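Every read-out reported here was derived from the displayed coordinates using simple, explicitly stated rules and does not represent laboratory data. The structure displayed is predicted, hence computed values, not measured ones. Please note: Cβ atoms are built from the backbone with ideal geometry, for glycine as well, and neighbour counts cover all protein chains shown.
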Amino acid sequence: WTRETKFPHSVWAAGRGLIALLLPNFDVVDNLWLEPCSWEAKNSGALFCLHEDGSGAGELQESSMGAWLVYIGIGCTKITKARNEGSMYGNAESRSYLEKKLVFCFGSHIAAQLLLPFGEENFLSASELKQAQEIATRMVIQYGWGPDDSPAIYYSTNAVTALSMGNNHEFEMAAKVEKIYDLAYEKAREMLKKNRQVLEKIVEELLEFEILTGKDLDRILNENGGLREKEPFSLLHVDYKEPLSRSFLDEGSASGTTFLDVAA
């Protein structure tokens with residue numbers, strides 16, 4: 001595959017790797033790499049992803065037969081979950097870790113906004129944006145970790161039935177999810193914009209060598225004046241101007257709150 005086809009995948013991987021590297025006490029970046037192999041898969045959907053740690057995203061093309069989809073090259077990341085933070089099980093997840101995870105979900109999306117040609121869409125980050133929505137929803141509805149730091153919990157995993165809060169109250173909850181989502185987006189954008197030179201260098205070296213280790217990323221960060229975030233890390237201190245994720249809420253309609261169902 002050519003440098004041109006590798007570029008969006010390099011940007012995807014670089015955005016994920018750099019945002020993880022910049023977050024304090026977060027998951028460890030082991031490797032970023034480009035996988036040029038191609039293979040076929042029948043009726044597999046619209047986008048290929050390898051995502052336990054987030055791992056990879058690739059493009060699809062339809063064959064002349066019309067039934068088989070062919071994957072041509074992917075960008076991959078290997079990121080190891082931090083052992084001293086968070087957990088995949090219930091309320092053992094800390095607010096600090098989930099806020100960092102939420103910011104992390106926007107890394108590849110914002111990298112594409114910064115580096116891809118104007119008007120060129122990149123769908124490689126679709127699953128990560130969906131994950132960000134799910135995390136933001138869980139934080140507000142299940143844990144009570146909203147942007148106003150409210151302790152209220154609106155959903156329990158062991159509840160027998162769902163509790164109807166009424167359309168107005170559900171819309172208020174949707175607005176809180178939207179805001180925490182937007183705060184994370186703003187923070188991720190701020191982090192990558194002030195480290196744009198580092199991001200561009202990672203993409204450049206990934207295009208050239210097709211694999212970078214965690215040590216390579218540390219070297220690039222140090223050589224290009226990278227600025228890591230420090231503890232205490234909190235989204236509550238992010239400058240919030242106006243909503244960005246307007247698609248979450250349909251004005252004047254309760255249907256805009258249906259995304260709250262992801263908490264269940």
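At a glance:
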read-out: Distance between modelled label sites at His169 and Asn31, nm, 7 Å Cα→Cβ extension; value: 5.1 nm
read-out: Highest average packing first - 178-188, 13-23, 109-119, Cβ atoms within 10 Å; value: 13-23, 178-188, 109-119
read-out: Cross-link pairs beyond the 31 Å C-alpha cut-off, checked among Lys6/Lys100; Lys100/Lys215; Lys176/Lys201; value: Lys176/Lys201
